[in-house]
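What follows is one structure encoded as structure tokens, with my remarks underneath.
The values are calculated or read from the model by the stated rules, or taken from the named source; none is laboratory data. Since this is a predicted model, take the numbers as computed values, not measurements. Positions of Cβ are backbone-derived with ideal geometry, glycine not excepted, and every protein chain shown enters the neighbour counts. SASA here: full protein model, heavy atoms, side chains in, ligands and nucleic acids out. Shrake-Rupley method; radii C 1.70, N 1.55, O 1.52, S 1.80 Å.
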Amino acid sequence: MPAIPASPLYPAHLLTIKARVDAALQKHGFDHLLVASGVEKYEFLDDRPYPFKPNAQFKAWLPLTHHASSWIAYTPGQKPVLVYYQPDDYWHVPPTQPEGAWVDHFDIRIISDPADAAKHLPAGGRRAIIGEADAALPGFEPNNPQGLLDYLHYHRTYKTPYELAVMRLAQRRAVPGHVAARAAFQAGGSEAQIHAAYLAATGHTDFDLPYSNIVCLNQNGATLHYQYKSNDVPSQHRSLLIDAGAEVDGYASDITRTWGNGDARFEALVNAVDNEQQALCGLVRAGTDYRNLHLECHLRLGNVLRTLEIVDMDPGQMLDAGVTSTFFPHGLGHPIGLQVHDVAGFSDEEGDLIPRPAGHPYLRMTRTLAPGMVVTIEPGIYFIPTLLAKLKAGPHAKAVNWSNVEHLLPFGGVRIEDEVHCTDAAPENLTRDAFAALA
């Protein structure tokens with residue numbers, strides 16, 4: 001689907017947000033919803049601030065991502081109030097005057113002192129106040145009612161057309177970064193240089209990324225959340241695994257690609273994982289239990305391990321024995337939107353846990369797919385020394401072709417990740433569409 005401007009879709013989005021809040025307030029016995037954007041935080045014993053990240057429940061209302069000490073106050077049937085903090089500051093650039101498609105939909109109160117927000121918030125009635133403890137004002141301490149939060153989190157999984165439009169834009173912002181990263185890898189760059197190429201192509205800095213990019217050369221790809229970006233150029237560029245996203249108006253994208261240097265066995269592995277990943281994306285259908293999709297992924301990756309002569313076992317036996325989990329130890333994916341790992345991936349509307357399959361503790365999504373959900377699909381096969389050592393010491397060691405494992409060990413691993421929108425019919429692959437649009 002082509003990218004379209006999100007702004008014309010915003011009014012309908014806001015109506016949906018208000019309807020959800022109306023229902024949550026009534027269900028849990030509140031008269032008002034107050035949402036704090038959050039406050040700027042400083043390093044311990046220092047005057048340097050951390051990058052500001054707003055409360056996701058604040059971003060759900062409107063696309064303000066740099067606005068600390070601001071509040072939304074909503075009473076059903078009334079125009080929502082936005083308390084907009086705009087300090088008189090010559091040390092830093094303050095927020096601009098309010099502008100955008102959302103402005104006419106709010107009663108905007110501009111303040112220059114965070115304490116003045118209290119003058120614009122409802123003093124009476126039963127108030128649900130969402131925010132961190134340090135956002136509190138006298139008489140307005142966040143209570144974060146769990147039942148109300150569970151309800152809002154659950155329904156936030158269903159994206160409005162406005163949200164989908166913004167998420168498509170976030171994909172299109174990230175894809176040029178992945179293309180630039182691949183070129184930097186092929187040119188022999190270090191992890192730090194590849195990361196810099198990604199930032200330049202997306203127009204991001206380290207501080208405004210939705211998450212810290214994972215940029216892995218060679219064996220570093222076996223560390224799932226590898227946190228460094230080495231300046232050292234390796235003697236050989238075997239592989240690049242890059243897990244990197246972008247952000248537009250508070251919505252994140254999360255894309256992973258893996259590239260090789262022409263080694264036949266590793267290229268065969270990349271191609272096989274990519275083929276299974278695309279097939280799994282095609283199974284993102286309404287009514288499908290995501291837990292079953294995760295187990296299907298294990299069976300498919302088990303078949304890859306057998307076909308490429310890495311493990312000589314039936315895929316079902318590999319799954320039952322935990323052998324596939326040696327090579328694929330994480331979950332298939334997660335919900336995504338205002339947060340990279342959107343909340344309520346494994347709970348119902350009441351906040352009750354929908355259990356993970358036994359033996360799969362890291363799966364972040366256990367709900368049944370439905371139209372409007374956006375999830376990541378990110379299968380991988382890795383060669384992780386600590387997990388391989390346990391396999392080698394166990395009863396299934398003889399089924400493993402350790403010669404092939406030793407060959408692939410310096411490549412780290414393979415992960416391919418797309419974001420997929422569940423619809424009433426065929427799924428929409430936001431990521432592949434963005435790559436196709438760039439091509």
- Loop-located trypsin sites (Lys or Arg not before Pro) in segment 368-402 whose Cβ has at most 14 other Cβ within 10 Å (DSSP): none
- With every protein chain present, what is the per residue accessible area of the chain (1.4 Å probe, Å²)? 43
- Query: For segment 1-112, what is the relative contact order in percent, using Cα pairs closer than 8 Å and at least 6 residues apart in sequence?
  - Reply: 23
- Report the longest stretch of the chain that contains none of the GluC sites (Glu not before Pro) sitting in a DSSP loop with at most 15 other Cβ atoms within 10 Å. 133-308
- Can you send over the carbon and sulfur percentage of the accessible area for segment 258-383, probe radius 1.4 Å, protein chains only? 47
- Where labels lie 7 Å past Cα in the beta-carbon direction, separation of S230 and D263 in nm: 1.4
- Item | Estimated vicinal HN-Hα couplings, Hz - segment 181-189 in sequence order (Karplus 6.51, -1.76, 1.60; Gly, Pro = x) | 5, 4, 5, 5, 5, 5, 7, x, x
- Task: Can you tell me how much longer the chain between V405 and Y50 gets when fully stretched, taken as 0.36 nm per residue apart minus their C-alpha distance, in nm with one decimal?
- Result: 123.6 nm
- Query: Does anything in segment 107-127 have its amide N under 13 Å from the 7 Å Cα→Cβ label point of D31, and if so which residues?
  - Reply: 122-127
- Query: So which chymotrypsin sites (Phe, Trp or Tyr not before Pro) in segment 128-188 end up in coil per DSSP with only 14 or fewer other C-beta atoms within 10 Å?
  - Reply: none
- Between V311 and residues 5 or more places away or on another chain, the pairs with built amide H atoms under 5 Å apart involve R306, N401
- Message: Ignoring ligands, DNA and RNA, please state the percent of accessible area on segment 77-142 from carbon and sulfur, probe 1.4 Å.
- Response: 52
- Task: Find out how many positive minus negative residues lie around M373, taking Lys and Arg as positive, Asp and Glu as negative, among other residues whose Cβ is under 10 Å from that of M373.
- Result: +1
- Task: Give the cross-link partners of K18 among the lysines, using a straight C-alpha distance below 29 Å as the criterion and excluding same-chain residues fewer than 8 apart.
- Result: K27, K53, K59, K79, K119, K159
- How long is the gain from A192 to K119 if the chain were fully straight, where each residue apart is worth 0.36 nm and the alpha carbon distance is subtracted? 21.5 nm
